[in-house]
Every structure is written in C-alpha cells, then in structure tokens.
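S.K.: This is the structure I have questions about; it appears just below.
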Amino acid sequence: MAEYLRTLFCPRDPPSLRPDVASNSVAYEHWLTNEELSRTTTPCAGSGTAPGIGVLIVAEQIDTSQIDTTLSSLDSQTTSAWHAVVAGSLTKAPESDHEVAESRYLDHPKVSFVQLADLPHGGTQEQLTPVHKTAVPAILSAALTVCDLDAVTVLSPGDVLSKDAIQLLAGALSDSDLAYADEDAVDPAGRYVDPVLKPDWSPDLLMSTPYIGRPYVLWKSLLAASGGIASYSGADWEHDLLLRLSEHSSRITHLPVVLCHRPRSAAKRSPESRSSRSASTNAPTLALKRRRESALVEPGPLPGSWNIKRKLSPDTSIDIVIAFRDGAAFLRNCVDSIVNTSNHLDIRLVLVDNATSDLETLSLMEKLERRANVTLIHDPSPFNWAELNNRAVQSTSGEVIVFLNNDIEARAPGWLDALGAQAMRAEIGAVGARLLYPSGRVQHAGVVVGMGGAAGHVLCGLPASLPGYLGMAVLTRNSTAVTGACLATRRSVFEELGGFDETLGLDLNDIDYCLRARVCGYRVVYEPLAELVHYESPSRGTSGSVEDIANFVDRWEQLIRAGDPHLNSNLTRLDCSCALREDDEERWWLNWRSTLNISRANQDMGQS
C-alpha cells in the first residue's frame with residue numbers, strides 16, 4: 001500500500017525549494033562574518049594538548065603574490081604551533097622566480113623553501129630524489145622531508161586559512177587520526193562564495209568524489225602507514241590518498257566550521273583530471289582492488305565524481321515484499337515494471353493483501369498468484385505497516401529483502417542490481433533509492449533526522465535534472481536513514497534487528513529501522529543509481545500517527561537534537577532546501593516538541 005503521507009514530510013505536490021546556501025551569497029557572507037566574530041570569544045577545544053602542524057604549500061608554478069597571501073594567513077593564526085614548507089618544481093617556472101621566492105622566505109623563522117632536486121633550506125641535507133619532477137606528489141614528498149612536526153596539512157598558493165584554523169584543526173586531531181573542515185571560495189571581487197558545508201564522515205561519498213577537499217590535517221604516522229603519497233600526475237593523488245587513509249583509520253573528525261577560503265579558480269577546478277587518468281587507475285578503481293570488491297567505475301554526474309556500479313552476483317536471491325489494499329492499477333504497474341526491468345535476477349515477489357475488497361484488484365490477484373515467482377499472502381489484520389512486513393518476511397528465504405510500496409514504478413533496468421549489490425556489502429544495513437514524483441521532481445534523496453520535526457526528505461521537490469546542494473541528489477553517499485517506500489536490507493541484518501518495530505505501526509518505522517542499524521555498526525546508503533518513480537497514492541490517507549511520531553521522538557531525541565551527521569549542522573532543519581540554519585531553530589524545535597506532546601495527550605484523552 002502507499003505509505004502514509006507524513007505531515008512531517010513534504011506534501012504530494014511539493015513547492016519549489018527556496019535557494020540553498022550556495023545560491024544566496026549575500027546571506028552567506030553575512031552569516032560567515034557573524035560566525036567568525038562569534039568564534040573569537042570561544043575557547044578552542046584541545047588547544048593545550050594539540051600538536052603542531054606542518055603546512056605543506058605546493059607551488060608548482062611560483063607566484064609570490066599567491067604564496068604571500070597564504071603565508072600572511074598563517075602569520076595571523078591564533079597559535080604559533082605551525083611550520084610552513086613551500087615546495088616547488090624547477091621545471092614549472094624560470095629559476096629566477098624561484099630565487100625571488102626563496103629570498104623572500106629565507107629569513108622567515110617559520111618557513112622553509114624546497115626546490116625539487118635541490119638541497120632544502122633548514123632541513124635534511126640528503127639529496128631529494130627527483131621522481132616525476134612536475135608531479136604534485138613528488139613535490140609533497142620533498143616537503144615532507146623537511147617537516148619535523150607530527151601532523152601535516154596541504155595547501156595551495158592562494159589558500160587562506162581562518163585565524164583560528166590551525167588551532168581548531170589541531171584540537172580536533174588530538175582525538176582523531178584525520179580531521180577536516182568546511183571551505184568556500186573567494187571571487188575576483190573578494191567576495192566569499194560557493195560555500196562547501198560538508199557532511200560528517202561519509203565513506204561512500206568519498207568513493208563517489210573527494211568531498212573532504214580543504215582543509216584537512218592528519219598525523220604523519222598515518223600517512224606513512226597508508227603508503228605515503230602516490231606518484232600520480234594530475235590531481236587524482238589526493239583522492240587516492242584520502243581513500244587509503246580511510247582504509248587505515250576510521251577515526252575521522254569533521255569540524256562544521258569554514259576554515260579555508262580558496263581562490264575561485266582553484267576551488268572550481270575539477271578534483272579529478274579525467275583526461276589524464278585511465279579507467280583502470282583512477283582512485284576508486286584502485287581502492288576497490290585493494291579492498292577486493294568488484295565494481296565498474298564510470299565518470300559520475302558531476303565533474304570530479306564517479307559512479308561505482310557494484311556487481312551483484314546473479315545467484316543472489318531477492319525477495320520483494322509489496323503490501324497493498326485495493327489499487328489494482330498501482331499494483332499491476334508496479335509488478336509489471338519490476339518484472340520488465342529485473343528478469344535477469346533471481347527474484348520472488350511477495351504480495352501482501354491487507355483486506356482487499358475491490359473486484360478489479362481481486363481479479364488481478366488471481367492472475368498474479370499463478371505466476372511461478374509470485375507468493376500471495378492474505379493478511380486482513382488491522383493495518384500496521386511494520387507487522388504486515390514482519391509477518392511477510394517469515395514467508396521468504398532470499399538473501400536480500402526489498403520492501404516496496406505498491407505505487408512504485410521501475411522504468412529502466414539496473415535499479416535492483418544497484419540496491420542488491422549495496423545491500424550485500426557486510427558493512428551496509430539499509431539501502432534506499434532515488435525516488436521521483438511523476439512530475440519530474442525529487443521525492444526522496446535520503447532522510448534527514450530532525451528535518452521538519454522528526455524526520456524529512458532532503459531536497460524534496462528539487463527538479464530531477466538538478467544535482468542538489470553538493471550533488472546530494474545524484475551522488476551515492478551515506479545517509480542517516482532512507483524511506484521504506486523502497487528499502488533494501490540483508491536478511492541477516494533484518495533478523496539481527498528483529499525486523500521493524502511494530503509499536504510504530506503507521507509511521508517512522510522505516511527511519512527507526514535505519515537508526516537501529518546504525519547503532520549496531522552498520523551504514524545506511526542512498527543509492528541514486530537505483531531510480532524509481534513514486535506515485536505516492538493517497539489510498540491510506542494523508543496524515544501521520546501522532547502517537548508514532550511522539551514515540552519516535554522520545555526514543556531518538558538525543559540524536560535529533562544533536563543534529564543529523566549527514567547534513568552539515570549549519571544548514572536548516574526547518575525545510576529540505578539546504579539553506580542556512582536560522583538562529584531560532586532550537587527554540588522552534590522545542591515548541592514543536594511541546595505541541596506534539598499536547599497533541600498526544602489530547603488524543604489519549606479522547607480515547608479514554
């Protein structure tokens with residue numbers, strides 16, 4: 001049956017989204033100014049025990065003005081626990097330029113200058129090995145030889161760090177192995193634009209794109225354990241490095257603070273040079289080989305992104321559970337579209353009839369039941385979505401279980417392969433699809449806990465042709481939860497969690513399932529390579545259950561108030577737009593919570 005249209009989620013005909021943070025530069029600059037001012041009076045966590053940071057400035061082409069800009073931002077830091085190494089290659093600029101740059105920083109007590117294949121100043125006297133003289137990795141390796149601090153960060157000429165960047169990053173690193181923060185760009189007029197307000201650690205997003213960007217800081221010991229910096233030409237080295245670092249440590253911290261301002265030309269540059277990298281040696285492909293995972297890596301929907309098409313074994317058995325009541329047209333369309341797009345897979349359709357009375361649907365049920373790969377279950381019990389699906393699973397045996405609304409339509413092959421392959425990964429607990437309204441707008445691109453109150457669909461209403469803020473609608477990434485309108489999970493995970501919580505009979509049982517999976521150490525994945533149409537029919541009504549919503553909030557209030565880790569804490573929870581967070585959102589949520597409690601009390605009184 002169609003899921004309840006939750007009052008906390010978007011309506012069937014969602015309004016156009018208001019501008020996101022990147023589309024409202026005036027509001028962003030005002031917010032940034034206030035945010036930086038507010039930090040000047042806030043003590044920096046971990047400042048007493050934080051490590052010193054070696055700042056490696058890679059200068060392939062010497063531009064003294066750009067280097068001056070970066071070094072000036074370092075001189076203005078709130079801590080002196082840093083040392084900069086400016087490293088360049090003689091093959092990228094005339095020797096005179098290097099001599100000018102070197103002379104400018106030779107007497108600076110906190111700056112060393114390295115020319116590839118030359119003896120470094122202020123560091124070891126060992127001759128540097130000129131491996132790939134024009135490659136950034138080789139230049140970085142040279143810089144590392146003269147950096148005697150335990151932690152390092154990488155910048156490019158022209159990058160500007162906020163005054164407290166070193167102190168905040170070092171403080172975060174004291175409790176982790178790698179820390180990263182947010183960034184933006186500076187346009188030619190000096191305006192701060194293109195804010196990149198990142199999610200917390202998202203390993204599946206990192207496979208899709210090197211979203212960590214700048215700035216990040218890590219221990220040199222982790223760098224050594226991960227194999228150092230690979231000698232790639234182009235910019236792929238950084239994506240490869242971050243993937244290898246994440247394979248050696250999951251102690252990765254995100255600071256939701258804008259700490260780096262980059263020249264717009266550098267910030268806009270594609271983080272992958274596709275023309276210089278073969279399909280067999282791009283960073284995600286190498287990572288998959290190391291991890292012994294099978295997948296096809298193709299250029300993704302955005303510059304510098306990749307589609308990771310994981311391979312599903314044709315022997316993997318998949319049960320698709322579809323509960324319904326009446327709605328013959330929806331059920332016929334759903335079943336036929338599944339069969340037409342996935343007949344190469346080992347699938348069984350488990351149709352759960354919840355007291356159908358419509359003659360057309362009854363006739364359709366008779367026809368469907370004759371099919372070899374269809375199991376029809378009659379369950380006329382009072383409607384409880386969690387109970388219906390839990391009981392239906394008892395009649396299944398597949399390795400993967402997909403819960404699907406009857407108003408879903410599959411229009412192209414590959415969606416079930418993508419869901420099934422993700423669900424079969426040992427570390428994944430639940431997988432959701434990209435769902436579109438028939439009108440061509442996004443209905444589901446992942447769930448944000450706390451959005452609109454309890455939970456909501458981020459970017460709901462976005463035109464399907466747009467990628468959404470930071471590509472959230474089109475990139476495979478981790479999400480805190482996904483909708484039960486299309487949810488895939490492994491049988492072993494379902495059994496470990498005890499299925500859906502039947503006390504949440506009408507609402508939020510799917511979100512609760514995902515949150516419990518996360519508590520057990522599993523990740524949740526939003527997989528846009530599985531794209532379906534969701535008609536979201538009103539066959540079950542248009543209001544959610546106050547009791548279920550209140551119980552859900554009681555259970556997960558700590559997480560809701562802490563903020564969804566996969567949506568930057570500086571972005572709004574009032575709606576799904578990815579606009580900037582408003583000042584009074586905490587007060588708004590507390591008022592909403594109070595109203596919810598009053599509604600529950602009134603409902604209880606009415607029932608007594």
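S.K.: For residues in the stretch 4-41 being β-branched (Val, Ile, Thr) and surrounded by 13 or more Cβ atoms within 10 Å (Cβ to Cβ), which is modelled with the lowest pLDDT?
M.R.: Thr7
S.K.: Show the residue pairs that are 6+ apart or on different chains and have beta-carbon atoms under 8 Å apart, the first residue being within the stretch 378-395 and hydroxyl-bearing (Ser, Thr, Tyr), the second being surrounded by 15 or more Cβ atoms within 10 Å (Cβ to Cβ).
M.R.: Pairs found: Ser381/Asn354; Ser381/Glu387; Ser381/Leu388; Ser395/Val350; Ser395/Thr375; Ser395/Ile377.
S.K.: With respect to Gly505, is the statement that it is among the small types (Gly, Ala, Ser) and at pLDDT below 95 true?
M.R.: yes
S.K.: A further question on this structure: Yes or no: Thr476 of a type in the set (Val, Ile, Thr), farther than 26 Å from Phe552 by Cα and surrounded by 24 or more Cβ atoms within 10 Å (Cβ to Cβ)?
M.R.: yes
S.K.: May I ask you to say which residue of Pro256, Pro195 is more than 26 Å from Ser141 (Cα to Cα), modelled with pLDDT of 95 or more and either crowded, with 23+ Cβ neighbours inside 10 Å or touching a Lys or Arg at 6+ places or on another chain (Cβ under 7 Å) (or both)?
M.R.: One residue alone meets the criteria, Pro195.
S.K.: Here is a list: Ser363, Ser337. Which entry is surrounded by 15 or more Cβ atoms within 10 Å (Cβ to Cβ), in the same structural domain as Arg425 (by TED's automatic domain parsing) and modelled with pLDDT of 95 or more?
M.R.: The match here is Ser337.
S.K.: Looking at the stretch 372-389, is at least one residue of a type in the set (A, V, I, L, M), over 36 Å from the mean Cα position of the chain (by Cα), assigned to a loop (DSSP other than H, G, I, E, B) and more than 29 Å from Asp507 (Cβ to Cβ)?
M.R.: Yes.
S.K.: If you check every pair at least six apart or on different chains, which have Cβ atoms under 6 Å apart with a residue in the stretch 198-214 that is crowded, with 21+ Cβ neighbours inside 10 Å first and a residue that is assigned to a loop (DSSP other than H, G, I, E, B) and among the small types (Gly, Ala, Ser) second?
M.R.: From the stretch 198-214, the pairs are Ser208/Ser305; Thr209/Gly304; Thr209/Ser305.
S.K.: Restricting to the stretch 543-567, and then to whatever is touching a Ser or Thr at 6+ places or on another chain (Cβ under 7 Å) and under 19 Å from Glu502 (Cα atoms), can you tell me which residue is surrounded by the fewest Cβ atoms within 10 Å (Cβ to Cβ)?
M.R.: Ser543
S.K.: Kindly check whether there is at least one residue in the stretch 440-448 that is surrounded by fewer than 24 Cβ atoms within 10 Å (Cβ to Cβ), in a loop (DSSP other than H, G, I, E, B) and assigned by TED's automatic domain parsing to the domain that holds Ile322.
M.R.: yes
S.K.: Please enumerate the residues belonging to the stretch 72-125 that are of a type in the set (Ser, Thr, Tyr), at pLDDT 55 or above, surrounded by fewer than 17 Cβ atoms within 10 Å (Cβ to Cβ) and within 42 Å of the chain's Cα centre (by Cα).
M.R.: Hits for the stretch 72-125 are Ser72, Ser76, Thr78, Ser80.
The values are calculated or read from the model by the stated rules, or taken from the named source; none is laboratory data. None of the values given here were measured: they were computed from a predicted structure. Positions of Cβ are backbone-derived with ideal geometry, glycine not excepted, and every protein chain shown enters the neighbour counts.
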